[in-house]
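Written out below as structure tokens is the structure these notes cover.
Bear in mind that the values in this text are calculations on the coordinates, not laboratory data. Note that the structure is predicted; figures quoted are calculated from it, not measured. In this analysis, Cβ positions are derived from the backbone assuming ideal geometry, glycine residues included, and neighbour counts consider all displayed protein chains.
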């Protein structure tokens, strides 16, 4: 599988795509963006790799294989590792692929790839060990 987060689309649209590389089947899901990357319900206008920016990072990432639970908000998550210079701080920034109640038009993350809790099984089962590409438009 390959996972693509197309942040050129509005948060009210399904913009996380999971492509089965064997069958070419595509599944789509809602995914939130970082609170300082764009307004609620909007698209990503500004991406970042900077600590404390609360902005969505872009580029290629490797998704981890082991499901975990965050200690503070009890979100289920998979780790995410930046594979490029422009997203090298993803691990230090604690950027993860996690579930959150606010996904859709209601809210934004602190830069993480947040999905609806009801989509967890479909997304996590396919995203484990996958390549994730986060795209926010030209120059992202």
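Things worth noting here:
- Placing pseudo-labels 7 Å out from each Cα toward the beta carbon at residue 106 and residue 17 gives an inter-label distance of 2.8 nm.
- For segment 78-117, average projected area of the Cα convex hull in nm²: 2.9 nm²
- DSSP beta bridges in the chain [antiparallel fraction, %, rounded to 5]: 70 percent
- For the peptides 69-82, 24-37, the ranking by packing is 24-37, 69-82, with the highest mean count of neighbouring Cβ atoms within 10 Å listed first.
- If you look at the Cα atoms of segment 1-82, you get an Rg and a Dmax of 13.7, 40 Å.
- The modelled label-to-label distance between residue 88 and residue 60, using points 7 Å beyond Cα along the C-beta direction, is 1.6 nm.
- Whole-number percent relative contact order across segment 2-135, with pairs defined as alpha carbons under 8 Å at least 6 apart: 31 percent
- Treating each Cα of the chain as an identical point scatterer and summing with the Debye formula, the log10 of I(q)/I(0) at q = 0.16 Å⁻¹ comes to -0.72.
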